[in-house]
Amino acid sequence: MGSDGMTLDNKGNLYITGQGVTVFNPEGKKIINIPLPGWTANVCFGGVNRDLLFITSNISVYTLQMKVKGSQ
C-alpha cells in the first residue's frame, strides 16, 4: 500500500497512513479505512489518556477521539 507513518493501539492494531488512515488487526486483516482529504503522512496517539489519534496530511492536521489507546 505504501505508508509514510504508522502507529499501534493497545489491542495490537496497526494504523498506516497514505490514502487516509488504514487500520489492520494483529492478524493482518484490514479493519477500516478512515478517509481524509489529501495524502496522510503521519499518525500517532496522544492526549492525557493516549486516546486521541493525531493525523497529519498535506492539507491539515486532524484529531479523532478513539475508544482504544495508543500502545506504550
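The values are calculated or read from the model by the stated rules, or taken from the named source; none is laboratory data. Being a predicted model, the structure only gives us computed values, none of them experimental. Virtual Cβ from ideal backbone geometry, glycine too; neighbours counted across all protein chains shown.
Residue pairs whose Cβ atoms lie under 8 Å apart, separated by 6 or more positions or on different chains, with the first residue in the range 31-50 and part of a loop (DSSP other than H, G, I, E, B) and the second at pLDDT 95 or above and hydrophobic (A, V, I, L, M, F, W, C), are Leu36/Val21; Leu36/Ile55.
To keep it simple, each residue is scored yes or no on (1) among the hydrophobic types (A, V, I, L, M, F, W, C); (2) under 12 Å from the mean Cα position of the chain (by Cα).
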residue	(1), (2)
Met6	yes, yes
Ile34	yes, yes
Trp39	yes, no
Leu53	yes, yes
Gln65	no, yes
Val68	yes, yes
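Taken as a whole, the range 50-57 holds at least one residue that is among the acidic types (Asp, Glu) and surrounded by 17 or more Cβ atoms within 10 Å (Cβ to Cβ).
Search the range 13-72 for residues being among the basic types (Lys, Arg) and out of contact with any Gly (no Cβ under 6 Å at 6 or more places or on another chain), and hand back the single one that is farthest from Ser3 (Cα to Cα). Among them, the one singled out is Lys67. For the range 56-70, the count of residues that are β-branched (Val, Ile, Thr), in contact with a Lys or Arg (Cβ under 7 Å, 6 or more places away or on another chain) and outside any strand (DSSP E or B) is at least one. Being surrounded by 11 or more Cβ atoms within 10 Å (Cβ to Cβ), among the basic types (Lys, Arg) and modelled with pLDDT of 95 or more is a condition met by no residue of the range 21-29.
For the range 30-49, residues that are loosely packed, with under 12 Cβ neighbours inside 10 Å and under 16 Å from Gly12 (Cβ atoms) total 2. Annotation: of all residues in the range 1-20 being more than 16 Å from Ser71 (Cβ to Cβ) and part of a loop (DSSP other than H, G, I, E, B), the one that is modelled with the highest pLDDT is Gln19.
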